[in-house]
Amino acid sequence: MRLCSIASGSSGNCVYVGSDATHLLMDVGISGKRIEAGVAELGLKLSEIDGIFITHEHADHIGGLGVIARKYGLPIYGTRGTIAAVRQTHSLGYIDEELFHYINADEKCTVKDVTIYPIRTSHDAAEPVAYRISHDKQKMALITDLGCYNDYTVECLKNLDVLYLEANHDIHMLQVGPYPYYLKQRILGEKGHLSNESAGKLLSRLLHDKMQAVMLGHLSKENNLPELAYESVRLEVTMSDTPYSGNDFPLYVAKRSEVSQMIEI
């Protein structure tokens with residue numbers, strides 16, 4: 001299995017996940033042109049993509065959906081709440097009803113030889129989910145856009161080989177930054193976004209001896225820095241009461257506007 005971030009951050013998100021036989025996109029929040037170029041960098045064509053899985057309906061996750069759905073007729077997977085909200089997003093234009101496939105949190109679905117398990121998340125969207133993806137005995141997950149996590153989250157993310165994890169903001173940068181008060185409160189709230197520190201604390205509960213790689217994603221352009229996210233998460237792991245330190249596993253930061261390195265199990 002392989003995972004690669006095509007774009008990441010508040011301005012647009014798109015992640016490729018696949019096996020030798022199955023190719024999926026998780027969110028398409030950038031222009032159709034950028035999605036095509038990113039997929040091409042991976043040696044693929046958009047016509048070879050087997051499905052698009054949407055986490056939720058915010059613009060930075062669905063911005064390119066209308067264009068590529070119309071051009072390539074790709075199947076779109078999402079919860080009922082998410083698909084209903086996508087249909088009400090007029091900026092996307094017309095999308096053929098037959099392209100939509102409903103999925104439910106905590107119920108696995110299969111695309112060719114890959115199994116996808118949607119996980120409920122706490123975010124200010126209609127019916128948001130994260131995704132755990134497996135092929136044979138290989139397991140990875142993508143979880144962003146959550147203001148908080150709980151034991152359910154941890155249980156759903158146990159025993160992964162690869163984790164793509166939100167580290168959205170540095171709390172101090174957000175507090176002293178230019179955002180209006182209401183937006184700061186939204187981001188810091190239980191239906192907002194994970195801070196670097198919270199990402200590190202969650203990761204500390206998920207680490208195990210066979211974790212192969214972690215990629216941090218969805219960094220805020222205004223309220224975070226890649227180096228700060230990297231060091232903060234490492235420090236949280238080192239300070240945790242687990243047997244692991246921040247140097248015990250490969251840690252990457254997804255690039256905002258470029259294709260990141262491919263992580264392969």
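What GluC sites (Glu not before Pro) does the stretch 224-265 have in DSSP loop regions with at most 13 other beta carbons within 10 Å?
Qualifying residues, ordered by number: 258.
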The answer for the per residue Cα convex hull volume of the stretch 47-181, in Å³, is 137
Label model pair residue 212, residue 190: point-to-point distance (7 angstrom along the Cα→beta-carbon line) in nm is 3.7
Karplus-derived 3J(HN,Hα) from phi for the stretch 59-70 (6.51 cos²θ - 1.76 cosθ + 1.60, θ = phi - 60°), whole Hz, x at Gly and Pro, runs 4, 6, 10, 10, x, x, 5, x, 4, 6, 5, 5
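Please report the net charge: other residues with Cβ closer than 15 Å to the Cβ of residue 68, K and R +1, D and E -1.
0
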Kirkwood Rh for the stretch 152-224 from C-alpha pairs, in Å, is 13.2
Taking the alpha-carbon centre of each part, the distance from the stretch 66-101 to the stretch 146-197 in Å is 27
Whole-percent carbon and sulfur contribution to the accessible surface of the stretch 135-196 (1.4 Å, no ligands, DNA or RNA) stands at 52
All alpha-carbon distances of the stretch 111-265, grouped into 5 Å bins from 0, give the whole-percent distribution 2, 10, 19, 22, 21, 16, 7, 3, 1, 0
Going residue by residue through the stretch 142-155, the Karplus relation 6.51 cos²θ - 1.76 cosθ + 1.60 with θ = phi - 60° gives ³J(HN,Hα) values, rounded to whole Hz and with x marking Gly or Pro, of 10, 9, 9, 6, 9, x, 7, 9, 8, 4, 4, 4, 4, 4
Checking 159, 150, 224 against a Gaussian network model of the chain (alpha-carbon springs below 10 Å), the top fluctuating residue turns out to be 150
If one builds a Gaussian network model of the chain from Cα atoms under 10 Å apart, the most fluctuating residue listed among 182, 149, 131 is 182
A chain fully extended from residue 94 to residue 154 at 0.36 nm per residue, minus the present Cα-Cα distance, gains in nm 17.8 nm
Checking the stretch 161-245 for trypsin sites (Lys or Arg not before Pro) in a loop per DSSP with at most 11 other beta-carbon atoms within 10 Å yields 210, 221
Site residue 108, offset 7 angstrom along Cα→Cβ, radius 20 Å on amide nitrogen, limited to the stretch 1-32, gives 1-3, 17-26
Largest fluctuation, 183, 160, 207 only, Gaussian network model of the chain with Cα springs under 10 angstrom, belongs to 183
Note on the chain, DSSP bridge orientation, antiparallel percent to nearest 5 equals 55
Dividing the alpha-carbon radius of gyration of the stretch 28-127 by 2.2 N^0.38 Å, where N counts its residues, gives 1.04
Taking only the alpha-carbon positions of the stretch 169-211 as identical scatterers, the Debye log10 I(q)/I(0) at q = 0.23, 0.33 Å⁻¹ comes out as -0.76, -1.15
Output for the stretch 1-105: chymotrypsin sites (Phe, Trp or Tyr not before Pro) sitting in coil per DSSP, at most 12 other Cβ within 10 Å, listed by number, reads 94
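Translational diffusion coefficient, Stokes-Einstein: compute it for the chain using the Kirkwood radius over C-alpha pairs as Rh, at 20 °C and 1.002 mPa s, and state it as an integer in µm² s⁻¹.
117
The values are calculated or read from the model by the stated rules, or taken from the named source; none is laboratory data. Computed from a predicted model, the values in this text were never measured in an experiment. Reconstructed Cβ throughout: ideal geometry from the backbone, glycine too, with neighbour counts over all protein chains shown. Only protein heavy atoms, including side chains, enter the accessible area calculation; ligands, DNA and RNA are left aside. Shrake-Rupley method; radii C 1.70, N 1.55, O 1.52, S 1.80 Å.
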